[in-house]
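Below you'll find the structure, written out as structure tokens, and then a few comments.
The values are calculated or read from the model by the stated rules, or taken from the named source; none is laboratory data. As the structure is a prediction and not an experimental result, all values here were calculated from the model. So basically every Cβ, Gly included, is an ideal-geometry build from the backbone, and we count neighbours across all protein chains shown. Ligands, DNA and RNA are stripped out before the accessible areas are found, and what is left, the full protein with its side chains, is counted by its heavy atoms. Shrake-Rupley method; radii C 1.70, N 1.55, O 1.52, S 1.80 Å.
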Amino acid sequence: MQLSTPVARSVPAAIRSVLARDRWALAGTVTVLVIGLVAIFADVLTAIEGHDPYTYDATALDRETGLPAGAFGGVSTEHWFGVEPLTGRDLFAIVVHGARTSFLIGLAATLVSIGLGVLIGAAAGYLGGWVDRIITWGADVFLGFPYLVFMIAIGAVVPVEFPRALLLIVVIGFFGWPSTARIVRAQVLTLKERNFVKAARVLGASPWQVFRTELLPNLWGPVLVMATLSVPGKIGLEAALSFLGVGVLPPTPSWGRSISAAIDWVRVDPAYLLFPGLALFAVTWAFNAVGDGLRDALDPRSVTR
């Protein structure tokens with residue numbers, strides 16, 4: 001029997017409130033939705049433009065320099081964002097398909113890290129004792145571990161036949177649980193002293209039933225904020241790994257790899273860096289704006305207006 005879920009019922013109202021009064025959060029939400037739709041309908045958009053992210057087109061390049069033919073990186077009605085130097089691949093197709101790669105890895109890795117963090121943190125806070133001590137010690141070890149170096153090493157030694165997107169989701173998601181677990185643990189330590197949790201235990205509810213029906217509904221607020229603020233970090237980490245050459249492998253489009261390749265051409269073809277860089281900036285800013293707005297709306301110390 002679920003005795004009370006007051007915080008759970010306040011989350012939708014808080015979301016509506018923050019979108020109504022916080023213009024930055026609203027703008028961030030719209031940006032996330034637009035880029036999400038771009039990722040979902042990337043094939044449709046590239047079909048409308050008439051190009052894909054894999055086909056080389058030497059006719060779009062200057063024969064002598066290998067640079068895009070035309071001004072501003074070859075931007076035209078045929079190539080909306082111009083073309084890639086040396087290959088002539090359509091940059092618009094690369095950017096929109098790169099959105100699909102970034103969103104897939106960022107969202108999936110966030111689900112992995114948030115899921116692990118909620119389960120592990122709730123177990124530490126609710127069970128206490130030696131379970132809490134082991135989990136807290138493990139979280140401290142993980143937080144101090146040079147995970148970026150480990151990710152680079154893993155990316156360098158894993159066979160190319162292994163699905164690279166799956167590898168990034170698992171590795172990035174796995175190393176993201178400690179910060180979530182610590183926040184959830186602190187929330188559970190407070191919630192388990194509430195009367196409705198004590199009543200559920202008295203009525204004979206198992207620890208899993210207490211977690212599922214009493215604790216989890218009241219964790220949705222902070223978990224939602226953590227997830228929203230975590231996504232841009234995961235997307236940025238995927239981009240960084242691709243920038244370093246250990247992320248998704250060619251020819252799969254990736255913002256990070258495009259930015260890495262564009263560094264060598266920035267003086268002669270700034271458009272090559274501009275469009276994937278703006279896309280990465282936009283999605284990172286948008287998720288942070290939404291997360292900041294939700295955090296303010298769900299903060300119990302904030303004043304409701």
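In summary, helices (runs of 4 or more DSSP H) completely within the stretch 218-305 and bearing 3 or more residues that are open to solvent by less than 30 Å² (accessible area, probe 1.4 Å) and more than 23 Å from Asp90 (Cα to Cα) occur at 220-243, 270-298.
A Cβ distance below 7 Å, combined with a sequence gap of six or more or placement on separate chains, defines the contacts here; from the stretch 191-207, residues that are over 24 Å from Gly221 (Cα atoms) reach no residue that is surrounded by 17 or more Cβ atoms within 10 Å (Cβ to Cβ) and at pLDDT 80 or above. Each residue in the stretch 53-66 was checked for being open to solvent by 60 Å² or more (accessible area, probe 1.4 Å), in a loop (DSSP other than H, G, I, E, B) and not polar (S, T, N, Q), and 5 pass. Under the condition of being surrounded by 20 or more Cβ atoms within 10 Å (Cβ to Cβ) and of a type in the set (A, V, I, L, M, F, W, C), which residue from the stretch 124-151 is nearest to Pro276 (Cα to Cα)? Taking the candidates together, the pick is Met151.
Every residue in the stretch 168-215 that is open to solvent by 50 Å² or more (accessible area, probe 1.4 Å), of a type outside the set (A, V, I, L, M) and under 28 Å from the mean Cα position of the chain (by Cα), please. Result: Phe174, Ser179, Arg182, Arg185, Gln187, Arg212. A search for C-beta distances below 9 Å between a residue of the stretch 276-289 that is farther than 10 Å from Pro232 by Cα and any residue that is of a type in the set (Phe, Trp, Tyr) and open to solvent by less than 40 Å² (accessible area, probe 1.4 Å), counting only pairs 6+ apart in sequence or on different chains, returns Pro276/Trp255; Gly277/Trp255; Ala279/Trp255.
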